[in-house]
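The values are calculated or read from the model by the stated rules, or taken from the named source; none is laboratory data. In this text the structure is predicted, and so the values were computed from the model without any measurement. Because the Cβ atoms are built from the backbone with ideal geometry, glycine has one as well, and the counts that use them run over all protein chains shown. Accessible surface areas use protein heavy atoms only, side chains included; no ligands, DNA or RNA. Shrake-Rupley method; radii C 1.70, N 1.55, O 1.52, S 1.80 Å.
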Amino acid sequence: MRVLRGPWSKERIEQHLREAVVPIRLASLDPEGFPVVVSLWFLYEDGCLWCATQAGARVVARLRGDGRCGFEVAADVPPYRGVRGRAVATIDPSRGAELLPRLIARYLGSGDSPLARWLVARAATEVAIRLDPLRMTSWDFTRRMTA
């Protein structure tokens, strides 16, 4: 991964990706070459971003056709700060069901909710999306917004 610019070091970027509990906004290309943005839950591990979704999801088909994608991990509340970048996506059908409970724990806190139970009931058809970042940029408007 290359850090192009921004106020954060590679270590600070990785800290943000490990700690931010917001969806990743993932842009992939549709068959006509236009970007389409979806929001997915994610984990950051071993230098990769991991998401899970249903095997039949359109984003899976788009990424299978062209794994190049863009992403952003940032909250929608001040002070505005985050990470965006380019990545190459790989679909991993063998890891979706394993990844789903970890994503549920991260975003919902436990598997004891109607949404969590509904997601787990569909785990057999989940696939993992592995994003290997090529480059990342950070921004942080904390100082500007708190002055």
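Annotation note: of ALA124, ALA55, the sole residue that is in contact with a strand residue (DSSP E or B) (Cβ under 9 Å, 6 or more places away or on another chain) and modelled with pLDDT of 95 or more is ALA55.
Of all residues in the range 2-20, those being outside any strand (DSSP E or B) and open to solvent by 80 Å² or more (accessible area, probe 1.4 Å) number 5. Screening the range 41-142 for strands (runs of 3 or more DSSP E) wholly inside it with 1 or more residues that are over 18 Å from ALA20 (Cα atoms) returns the ranges 48-54, 68-74, 81-92, 126-140. For THR125, the test of being under 16 Å from the mean Cα position of the chain (by Cα) and among the hydroxyl-bearing types (Ser, Thr, Tyr) is failed. Taking residues in the range 117-128 that are touching a residue at least 40 places away in the same chain (Cβ under 8 Å) and closer than 12 Å to GLN54 by Cβ, and partners anywhere that are open to solvent by 30 Å² or more (accessible area, probe 1.4 Å) and among the polar types (S, T, N, Q), the pairs with Cβ atoms closer than 6 Å and at least 6 places apart or on different chains are THR125/GLN54.
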